[in-house]
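Just below is one structure, and these are the notes that go with it.
The values are calculated or read from the model by the stated rules, or taken from the named source; none is laboratory data. A quick note: this is a predicted structure, and the numbers were derived from the prediction, not measured. With ideal geometry, Cβ positions are generated from the backbone for all residues, glycine too; neighbour counts draw on all protein chains shown. Ligands, DNA and RNA are excluded from the accessible area calculation, which covers all protein heavy atoms including side chains. Shrake-Rupley method; radii C 1.70, N 1.55, O 1.52, S 1.80 Å.
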Amino acid sequence: MQDTYRIAIGADDAGIVLKEAMVAYLTGHGYPVIDMSATATEDYPDVAERVARSVARGEHARAVLICGTGIGMAIAANKVPGIRAAQIPDSYSAERARKSNDAQIACFGSRTMGVEAALVCLQHWLVSDFAGGGSAPKVEKIKQVESRNLRAA
C-alpha cells in the first residue's frame with residue numbers, strides 16, 4: 001500500500017449510508033479521514049464547496065463526495081478553482097480519473113451503485129496516481145481554461 005494521506009469526505013442526506021461504509025473502509029486501511037458532511041440545513045452544493053476548498057487549500061490531499069448520483073457533487077466541486085472532481089460510476093473510471101485527469105475528488109452516487117461496487121471503485125481510485133505522459137498536456141489545458149475563465153469573470 002502506498003503512503004496514506006488525509007482524506008476529506010462529505011455526503012448529503014442521500015449519501016449517509018455509503019459514506020459510513022467508506023469511512024470504515026478508509027480508516028480500516030489507515031487513512032486519516034475528516035467528515036465534512038451536510039448539517040441539517042445544508043444541501044450538496046454546500047458540502048461540495050466546503051470539501052473542495054479544503055483540498056484546494058492543501059488541507060486534504062484527496063476527497064470523496066457522495067450524493068444520490070454523484071453528478072451534483074462533481075458539478076459543484078468543480079466550481080472551486082484548482083479542483084478536478086470526477087463522478088465515479090465504475091472501477092475503470094475511478095482509475096482513469098486519477099491516471100489521466102489527476103482528479104483529487106471522487107464523487108459517488110449512493111442511488112446508482114451498491115456499497116460493495118463503490119468500495120471497489122474507491123480502492124482503484126486510492127491506489128492510482130497521475131500518470132503524466134500524454135495526459136499531462138491535457139490537464140495543463142484544463143488549468144489554462146480555468147485560468148482564462150477566472151480572468152474573464
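Out of the residues in the range 14-53 that are open to solvent by 70 Å² or more (accessible area, probe 1.4 Å) and in contact (Cβ under 8 Å) with a residue 12 or more places away in the chain, state the one that is farthest from I71 (Cα to Cα). Out of the qualifying residues, it is H29. Of all residue pairs spaced 6 or more apart or on separate chains, those with beta-carbon atoms under 6 Å, a first member in the range 139-150 that is closer than 15 Å to A85 by Cα and a second member that is outside any helix (DSSP H, G or I) and at pLDDT 90 or above are V139/D102.
Has the range 113-127 got any residue that is in a loop (DSSP other than H, G, I, E, B) and farther than 29 Å from V17 by Cβ? Write out each step before concluding.
Of the residues in the range 113-127, the ones in a loop (DSSP other than H, G, I, E, B) are 113-114.
Subset that is farther than 29 Å from V17 by Cβ: none.
For the range 113-127, residues in a loop (DSSP other than H, G, I, E, B) and farther than 29 Å from V17 by Cβ: absent.
For the range 96-108, does any single residue satisfy the condition of being under 13 Å from I9 (Cβ atoms), at pLDDT 95 or above, surrounded by fewer than 22 Cβ atoms within 10 Å (Cβ to Cβ) and among the basic types (K, R)? No, the conditions are met nowhere in the range 96-108. Out of all the residues in the range 69-83, is one or more out of contact with any strand residue (DSSP E or B) (no Cβ under 8 Å at 6 or more places or on another chain) and either in contact (Cβ under 8 Å) with a residue 40 or more places away in the chain or among the aromatic types (F, W, Y) (or both)? Looking for residues that are out of contact with any strand residue (DSSP E or B) (no Cβ under 8 Å at 6 or more places or on another chain) and either in contact (Cβ under 8 Å) with a residue 40 or more places away in the chain or among the aromatic types (F, W, Y) (or both), one finds at least one in the range 69-83, hence yes.
Just checking, how many residues over the range 128-140 are farther than 23 Å from G28 by Cβ, small (G, A, S) and not in a helix (DSSP H, G or I)? Full working, then the answer.
Step one: list which residues in the range 128-140 are farther than 23 Å from G28 by Cβ, which gives 130-140.
Still in the list and also small (G, A, S): 131-136.
From what is left, the residues that are not in a helix (DSSP H, G or I) are 131-132.
Looking only at that region, the number is 2.
Once the range 109-133 is narrowed to residues that are in contact (Cβ under 8 Å) with a residue 40 or more places away in the chain and among the β-branched types (V, I, T), the residue that is surrounded by the fewest Cβ atoms within 10 Å (Cβ to Cβ) is V127.
Every condition in (1) over 19 Å from Y25 (Cα atoms); (2) at pLDDT below 95 is met by T69 except one, and the failing one is (2).
Here's the yes/no breakdown for (1) under 20 Å from S128 (Cα atoms); (2) of a type in the set (G, A, S); (3) in contact with a Cys (Cβ under 7 Å, 6 or more places away or on another chain); (4) not in a helix (DSSP H, G or I):
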| site | (1), (2), (3), (4) |
| --- | --- |
| L18 | no, no, no, no |
| A38 | no, yes, no, yes |
| P45 | no, no, no, no |
| V51 | no, no, no, no |
| A63 | yes, yes, no, yes |
| T69 | no, no, no, yes |
| A74 | yes, yes, yes, no |
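Hey, can you tell me all the residues within the range 61-85 that are over 14 Å from V47 (Cα atoms), hydrophobic (A, V, I, L, M, F, W, C) and either over 12 Å from the mean Cα position of the chain (by Cα) or surrounded by fewer than 18 Cβ atoms within 10 Å (Cβ to Cβ) (or both)?
Start the filter on the range 61-85 by keeping residues that are over 14 Å from V47 (Cα atoms), which leaves 61-62, 69, 81-84.
Then keep just the ones that are hydrophobic (A, V, I, L, M, F, W, C); that gives 61, 83.
Result: A61, single match.
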